[in-house]
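Below is one structure, written out as structure tokens, with a few remarks after it.
The values are calculated or read from the model by the stated rules, or taken from the named source; none is laboratory data. Nothing here was measured: the structure is a model prediction, and the numbers come from that model. All Cβ positions, glycine included, derive from the backbone under ideal geometry; neighbour counts span all protein chains shown.
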Amino acid sequence: MKALSKQRESSSTEIRWTGHPLVDVGIATLCAMANRNDPGKLTAEDLDRVAQQMKEYYFSGYMNSYLTCVFMNSAYVQPAMGTEETKEYTRRVLYAHRWVGDEAARGLTCSVSGEPATHVIHRGQMPLLTGQEVLNFFPHGRGGLPIAGPYLVALQALPLGSRRAEGRLLAAHSDAPWVSLALAKLYLQDNQRLMELATTKKLPGGDGPFAELVREQAAYDKVKKIAKFPDAKAPTSLIATDLMEIYRRRGPSDSGHPPASCSVYWLSSSGQGPSLEIFHIPSQALRFIVLASSALTAATWKRLVAAGWRQPGERKGDGQSGFQKRVKGGGAQSAVPGGPGRSRNDVLADLFSVFEGGFIDRNAATRFLHRHFLRHGWHQVRAAVGGAEAAPRVRPGIDRPDWILTKLFVKEMLGMDEKRVEAIREFADKMADFIARSKDREVFRDLVYGRWAWQVRNALTKAQRNRARELNELLFGLDDYLKVFVADEALGKSDWSLVRDLISIRLVEQLYKKDFFKGDNEDLLQEPEKEAVAN
């Protein structure tokens, strides 16, 4: 495109948050690269230094496998482009803040800032746009998107403030700018670390554990027989871990910055398979994580999450969405310990699946509670009493998921009323005292392992009858039962399962403290085989 003037020599520029997620991630990356906390403080000289670093990285060839899925057919990934063309592209795009303007942009307004546009861009400069001169989806029949120079520079920084994850770009944007900035800083450090390895010829390729790759796995081009830019795995688990870490660094005392929502964009602009998946992490999910990571539940939550990491390459037929798809392959990679960027964390991935449909899925929440609090609690107790073989990843002697953490989950994630939570706890405590005194194994089994509501009711009726016969007193009253099982917010079958699991968690915790599972009752911690349902 013909330029009105080659370049300008302005010593200042003005950038502000736009509300466009990809542009704002790019702006956060500019701030991170220039060591600024406010985009309004960025100067043209800051952008000059940032542009120089991007030039060194993007034209080195080491990031091609990454940049191809972000800036399709751009000069960064076109080895046949001549030297002069490359220089012109660098001046016009990477140093766009000093470019006066293209003829095609004359009189147009930047689509993200409202300022006068200097460029009209396509998918070579912004992911998921159409190609140059393609008229679809743009107003007034134009083939491109008008944008102002500084914001084009921000878009070019997008890959450095994001991660290459399973062959795509993974970007996270929050409605709290400081969260977007913190994530961009973290991912910039990751990418700079990998580029340092690449430029010093130390970038690993192929299979095997590599100490240099702490938050990703190696990638290898079998045709060219060279290492490719490393790839992070399990995007959900990586983002969740990083959000936990930035809130941990911020500290619980900073009440001026409560947990904010976050949107994750996992995309590819590749011509062979363009794609976009968006995953929203609501503020209540982050609030639960922040609260679980602090004070009384910190040790328990940390150990529960630590037990959830799979080994890289590990597969499990539990049906995940595309956003949570598993690591492919195996072989020597199985020797690499699991962790963020290396593998999936079942606890974190299942936690965020509660919101995957855009609403709170109570069935998914109940499954999470059963799988990670109740069953994990059984395995922990089994390991502690030295009984039946413990489940994978469970080590004897570590804390069990306890009632405080369970209470936090149902309050923050499901909005269960405080009074009902306490009613469930008191009810479970009464049942634990009864079972410990009467040594009624059958009642325990029906309460904890019963699949149907009638089994739970039968167990409670039997316990009530036995207590009245033996001690001439009631184990619980009608009001107690109604508060627990027939609350105003109860939602049918899913609520029955939730309440049963809450009672079971408290039962296991309390009976363990009473040494109920030692000796002859050890086998009660072994979950029975599910019976076939008759037609």
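Yes/no per residue for (1) more than 21 Å from VAL77 (Cα to Cα); (2) within 30 Å of the chain's Cα centre (by Cα); (3) not assigned by TED's automatic domain parsing to the domain that holds ILE27:
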{"residue": "ILE121", "(1), (2), (3)": "no, no, no"}
{"residue": "GLY149", "(1), (2), (3)": "yes, no, no"}
{"residue": "LEU152", "(1), (2), (3)": "no, yes, no"}
{"residue": "VAL179", "(1), (2), (3)": "yes, yes, yes"}
{"residue": "ALA184", "(1), (2), (3)": "yes, yes, yes"}
{"residue": "GLY205", "(1), (2), (3)": "no, yes, yes"}
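When ASN73 is tested against (1) surrounded by 17 or more Cβ atoms within 10 Å (Cβ to Cβ); (2) within 30 Å of TYR220 (Cα to Cα); (3) in contact (Cβ under 8 Å) with a residue 24 or more places away in the chain, just one condition goes unmet, and that condition is (1). Contact map, segment 229-245: residues that are on the phi > 0 side of the Ramachandran plot paired with residues that are polar (S, T, N, Q) and not in a strand (DSSP E or B), Cβ distance under 8 Å, separation 6+ or inter-chain. Pairs shown: ALA234/GLN324; ALA234/SER343.
Of the residues examined, ASP207 is one that is under 20 Å from GLY167 (Cα atoms), outside any strand (DSSP E or B) and acidic (Asp, Glu). Within segment 210-239, the residues that satisfy the criterion of being under 22 Å from the mean Cα position of the chain (by Cα) and outside any strand (DSSP E or B) are LEU213, VAL214, ARG215, GLU216, ALA234, PRO235, THR236, SER237, LEU238, ILE239. So for segment 250-263 (the condition being within 15 Å of the chain's Cα centre (by Cα), in a helix (DSSP H, G or I) and among the charged types (D, E, K, R)), does at least one residue qualify? The answer is no, given that none of the residues of segment 250-263 is within 15 Å of the chain's Cα centre (by Cα), in a helix (DSSP H, G or I) and among the charged types (D, E, K, R). Looking across segment 441-481 at every residue that is within 14 Å of PRO528 (Cα to Cα) and either small (Gly, Ala, Ser) or in contact with an Asp or Glu (Cβ under 7 Å, 6 or more places away or on another chain) (or both), the one that is modelled with the highest pLDDT is identified as TYR449.
Going by what's in this entry, would LEU507 be described as in contact with a helix residue (DSSP H, G or I) (Cβ under 6 Å, 6 or more places away or on another chain), within 22 Å of PHE368 (Cβ to Cβ), crowded, with 17+ Cβ neighbours inside 10 Å and in contact (Cβ under 8 Å) with a residue 12 or more places away in the chain? So LEU507 fits the description; yes. Scanning segment 102-123 for residues that are free of Cβ contacts under 8 Å to residues at least 60 places away in the same chain and at negative phi yields ALA105, LEU108, THR109, CYS110, SER111, GLU115, PRO116, ALA117, THR118, HIS119, ILE121, HIS122.
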